[in-house]
Amino acid sequence: MKRVGAIICLTIIMVFTAVGTANADALSVKDIAPKDKETGMALENMGFKVYFNKDVEKKSNRTANKKLCKITDEKGREVPSIVVFDPKNKNVMMVLADTQNKKTKIKGETKYTLKIEKGFRADDGSTMEEFTSSFQTLNPSTSMK
């Protein structure tokens, strides 16, 4: 009877260890600026700085990864954006509103959301699940007071 109990315990330990290892290998967002649900963000140079737990700068992944990053306003309309990878800090990416595009209109007191879709790929080939984060821009009329 002790032998059966020992086998069951070892099996359970092996399963939990395997599950923990599988999740540790996944790509994930380690930090983001501005923080999720932050308010009072400036209208100029609007965007998100994303810190990953792995490097994401590999040139062969950039085109596909850029297509998976979108900024939307509170009505779900996509804001034209630029995705920039940092060759010095390979685990950092910036998604910025494209202010050179005439269609880009950033409004005050508006919630903007970054969505990184499932399948975003790290340099080592691992992928991540969908990620979202949002912030609200400040009211320009009250910020001058």
Which pairs have Cβ atoms under 8 Å, sit 6 or more apart or on different chains, and link a residue in segment 81-99 that is free of Cβ contacts under 8 Å to residues at least 40 places away in the same chain and closer than 19 Å to K67 by Cβ to one that is assigned to a strand (DSSP E or B) and among the hydroxyl-bearing types (S, T, Y)?
D98/S81
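Working only within segment 119-139, note down all residues that are within 23 Å of G76 (Cβ to Cβ) and in contact (Cβ under 8 Å) with a residue 40 or more places away in the chain.
Across segment 119-139, the qualifying residues are G119, F120, M128, E129, F131, S133, S134, F135, Q136, T137, L138.
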Can you tell me which residue within segment 31-50, out of those that are out of contact with any Phe, Trp or Tyr (no Cβ under 8 Å at 6 or more places or on another chain) and part of a loop (DSSP other than H, G, I, E, B), is surrounded by the most Cβ atoms within 10 Å (Cβ to Cβ)?
L43
Limited to segment 107-126, what total is found for residues that are touching a helix residue (DSSP H, G or I) at 6+ places or on another chain (Cβ under 6 Å) and closer than 17 Å to C69 by Cα?
2
Total residues in segment 88-108, condition over 20 Å from G40 (Cβ atoms), β-branched (V, I, T) and modelled with pLDDT under 95:
1
Evaluate segment 51-69: report whether one residue or more is open to solvent by 20 Å² or more (accessible area, probe 1.4 Å), in contact (Cβ under 8 Å) with a residue 40 or more places away in the chain, outside any helix (DSSP H, G or I) and among the aromatic types (F, W, Y).
yes
In segment 94-112, how many residues are open to solvent by 30 Å² or more (accessible area, probe 1.4 Å) and β-branched (V, I, T)?
2
Could you check how many residues of segment 76-93 are buried (at least 17 other Cβ atoms within 10 Å of the Cβ) and of a type outside the set (V, I, T)?
4
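The values are calculated or read from the model by the stated rules, or taken from the named source; none is laboratory data. Since the model is a prediction, treat every value here as computed from it, not as a measurement. Backbone-built Cβ (ideal geometry, glycine too); neighbour counts: all protein chains shown. When the accessible area is computed, the model is the full protein with side chains, heavy atoms only, and any ligands, DNA or RNA have been set aside. Shrake-Rupley method; radii C 1.70, N 1.55, O 1.52, S 1.80 Å.
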